[in-house]
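Student: Below is the structure I would like to discuss, written out as structure tokens.
Read the figures in this text as sums done on the coordinates, not as results from a lab. On a predicted model such as this, the values are computed, not experimentally measured, just so you know. Cβ sites come from the backbone with ideal geometry, for glycine too, and all protein chains shown count toward neighbours.
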């Protein structure tokens, strides 16, 4: 009977006995994701403006719309927890700088360069989501965060594949090849 009870609560508490985050703490962590999504939304908007390819413009517009949807879902969840969406703090300000740096890098770049920056932005978003998922969350919160992370991960893979295809055509964005050193023959 005790084991059944433990199994039923495993969704709310990790095996190490961690305590489920309070509503206030949960709202704070979700606000971090709201800022991450807002930065992604703005970053993909900038990316769409910076490319000529109709395919990339459409993709970036779709991702921007997806992030707007994620923001709405997260804000609703924060409100349901009694929180105030987008409460600012120093950690949130650090997250915000990630896509701002990317936005600056996008300006004046070609498609390959923009895809490089978008991939970096998605890596930042994935990291933010994974950090939140390290916490002990209520099941409905974990479900939403996991679903959004799954979508971000799929977009990250898609952007990486596109980036790789563009880089195969345009080698300017690749790091220089490593120089190989040859062992000396030892002859004098």
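Student: Test of understanding: what is the full-extension gain from residue 146 to residue 161, defined as 0.36 nm times their sequence separation minus their Cα-Cα distance? Write down the numbers at each step before the final one.
Tutor: Working: separation 15, 0.36 × 15 = 5.40 nm, distance 2.25 nm.
Answer, rounded to one decimal: 3.1 nm.
Student: Report the extension gain between residue 62 and residue 154 in nm, rounded to one decimal, defined as 0.36 nm multiplied by the number of residues separating them, less their alpha carbon distance. Provide the component values of the computation, followed by the final result.
Tutor: On the way: separation 92, 0.36 × 92 = 33.12 nm, distance 1.32 nm.
Value of the extension gain: 31.8 nm.
Student: While we're on this one: Cut-off is 10 Å between beta-carbons; in what order do 118, 37 appear when sorted fewest neighbours first?
Tutor: Working: 118 30, 37 26.
Arranged by neighbour count, lowest to highest, 118, 37 become 37, 118.
Student: If you don't mind, another one. Could you work out how far apart the two model spin labels at residue 76 and residue 123 are, taking each label as a point 7 Å from the Cα in the direction of the beta carbon, and quote it in nm?
Tutor: Rounded to a tenth, the inter-label distance reads 3.4 nm.
Student: Enter the Cα centre distance for the pair region 108-147 and region 45-63, rounded to the nearest angstrom.
Tutor: Result: 19 Å between the Cα centres.
Student: Applying 1/(1 + (r/R0)^6) with R0 = 22 Å to the Cβ-Cβ distance of residue 19 and residue 131, what FRET efficiency is obtained, to the nearest 0.05? Please list the in-between numbers first.
Tutor: On the way: r = 17 Å, r/R0 = 0.79.
That gives a FRET efficiency of 0.80.
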